[in-house]
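Right, one structure below, let's go through it.
None of the figures in this text is laboratory data; all of them are computed from the coordinates on show. Note that the structure is a prediction, hence the values are computed from the model and not measured. Cβ atoms come from the backbone with ideal geometry, glycine included; neighbour counts cover every protein chain shown.
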Amino acid sequence: MPLLSTVGYYEPWYVQILKALVVFGVGFSLVPLALLYERKLLGRFQNRPGPNRVGPFGTLQPAADILKLLGKEQFRPTNAIGWLFILSPLVAMVCALATFMLIPFSGAPQDILGTPVGLYGLDSDIGLLIVFAFASVGSYGVLLGGWSSASKYSFLGAMRAAAQLISYEIAQGLALLGVIISAGTLSLTEIVDEQSALWFVIPQLVGAITFFIATLAEINRTPFDLLEADSELVAGFMTEYGGGRFALYYVAEYVHLIVAGGLFTTLFLGGWHLPFVDQPGWLDPFVVLAKTIVVVTFIVWIRATLPKLRYDQLMTFGWKVLLPIATVNALVTAVVVVAW
């Protein structure tokens, strides 16, 4: 029976277990850092200090917020489907962390304590398909969370959120066809290696912009942050959630923010490659991290700048603007690659 996928580098079983623990640990630890970074940046953009009371320069504010949420009483509606109500935020969080596992921080395995270790959770020849698979399953965490709450407000919010995620996921996938055609592979590490001479953001500028906008809608960021329905008196699909279960959705949202920066860096900004520089291998993860911070900063900048869209504008933009642009970009790339 043929293999469905091959892994780029085989490691001992204990290294794979340690890498899984590290990925989850790093993913969780980055959430409070991303939260603090965003609130500090928003404060500067809006001419206010931002968090500055809890801990030195407000550095402990995210920890205080998380502890406050975890300390609240757990509750659920009487008619809610109990096991689904509890499982839904876990699905959203695990899918977000699993996507983070696929972001490569270096190509060649690094020698750590005498054992070659790839600086990525998994390098598969269908890596991009796995990314979209986890993104699709993650939308079930949103849909089931609203449906299992036994609340009409939550269910309507979940349907609205699912329609948004599905609509923009199509444009997001088509925008990546140009990258896949240009690189000739679905492996994220090989896509980065194909950008050693020229980052894909230059020949695939239209695809990069389309992917970036669609990703903002996928991760529920301004001006597409309509999943929670801030303008209403309820919180969309999360209306009946509170305490630790609400915190899990909150964690998933900020992990998605970090993943979005890492994926854009991997697919369009050359990953660990720098132009005209042949840096040592130990510098690769720091280059990826620096580029990811730049992308995350731009996403926060957009939040501080643009107003929120109406829902009809959101859907119209996705189906009538982004989708045709992504389709034309994929067709033009295919023609150019074949003709070249």
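Things worth noting here:
- Gain in span if fully extended, residue 159 to residue 45, counting 0.36 nm per residue against the direct Cα distance: 37.7 nm
- Simple spin-label estimate for residue 301 and residue 22 in nanometres, 7 Å along Cα-Cβ: 3.2
- Taking amide H atoms as placed 1.01 Å from N in the peptide plane, the amide H of residue 124 lies under 5 Å from those of 8, 188, each 5 or more residues away in sequence or on another chain.
- Residue 79 sits among other residues whose Cβ lies under 15 Å from its own Cβ, and their net charge, with Lys and Arg +1 and Asp and Glu -1, is +1.
- For P(r) over Cα pairs in 10 Å bins from 0, in percent, the candidate list reads (i) 5, 24, 29, 22, 14, 5, 1, 0; (ii) 5, 23, 33, 26, 11, 2, 0; (iii) 5, 23, 30, 26, 14, 2, 0; the entry that matches the value derived from this model is (ii).
- Within the shell of other residues whose beta carbon sits under 13 angstrom from the beta carbon of residue 264, the net charge comes to +1, with Lys and Arg scored +1 and Asp and Glu -1.
- Cut-off 12 Å (backbone N to label point 7 Å along Cα→Cβ of residue 64), residues of the stretch 20-42: none
- Helix axis angle, 127-147 relative to the chain longest principal axis, alpha carbon, degrees: 10
- Net charge in the neighbourhood of residue 46 (other residues with Cβ under 14 Å of its Cβ; Lys, Arg +1, Asp, Glu -1) is +4.
- For the stretch 88-101, Karplus couplings with θ = phi - 60° (6.51, -1.76, 1.60), whole Hz, Gly/Pro x: 4, x, 5, 4, 4, 5, 5, 5, 5, 5, 5, 5, 4, 4
- The distance from the alpha carbon centre of the stretch 157-202 to that of the stretch 286-340 is 10 Å, rounded to a whole number.
- For residue 117, residues with placed amide H under 5 Å, excluding near neighbours: 110, 111, 112
- Label zone at residue 11 (point 7 Å along Cα-to-Cβ), backbone N below 16 Å, the stretch 252-295: 282, 284-286
- C-alpha long axis of helix 152-183 to longest principal axis of the chain, angle in °: 10
- Summarising the label geometry, the points placed 7 Å from Cα in the beta-carbon direction at residue 311 and residue 202 lie 4.4 nm from one another.
- Sorting the segments 288-296, 140-148, 272-280 by their residues' average number of neighbouring beta-carbon atoms within 10 angstrom, most packed first, yields 140-148, 288-296, 272-280.
- Taken along the Cα-to-beta-carbon direction at a fixed 7 Å, the label points for residue 278 and residue 83 span 5.9 nm.
- Positive dipole terminus of the chain, leading residue within 147, 21, 119 (C-beta point charges): 147
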